[in-house]
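One structure is given here, and the rest of the page talks about it.
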Amino acid sequence: MKYLKSMTALCTVLFMALFLSACAPTAKTEGTGGYIDDTVITTKGHLEKLKIFN
């Protein structure tokens, strides 16, 4: 029973580490937050262009 609890805890920690590192930015790619921020800014810019032309 102690072995099962230890293995469950280890798997949980490994899963969380992989989950958190998947969203981390690297030198060549941006993180999830940066990507979303850029998308929002770009969308707002496109909407402003549409307002000017309409």
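At a glance:
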read-out	value
Apportionment of accessible area to carbon and sulfur, the chain, percent (1.4 Å)	73
Full-stretch length increase - Leu20, Thr39 - with 0.36 nm per residue and alpha-carbon distance subtracted	4.7 nm
1.4 Å probe accessible area per residue over the chain, in Å²	96
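The values are calculated or read from the model by the stated rules, or taken from the named source; none is laboratory data. These figures come from a predicted structure and were not determined experimentally. Only protein heavy atoms, including side chains, enter the accessible area calculation; ligands, DNA and RNA are left aside. Shrake-Rupley method; radii C 1.70, N 1.55, O 1.52, S 1.80 Å.
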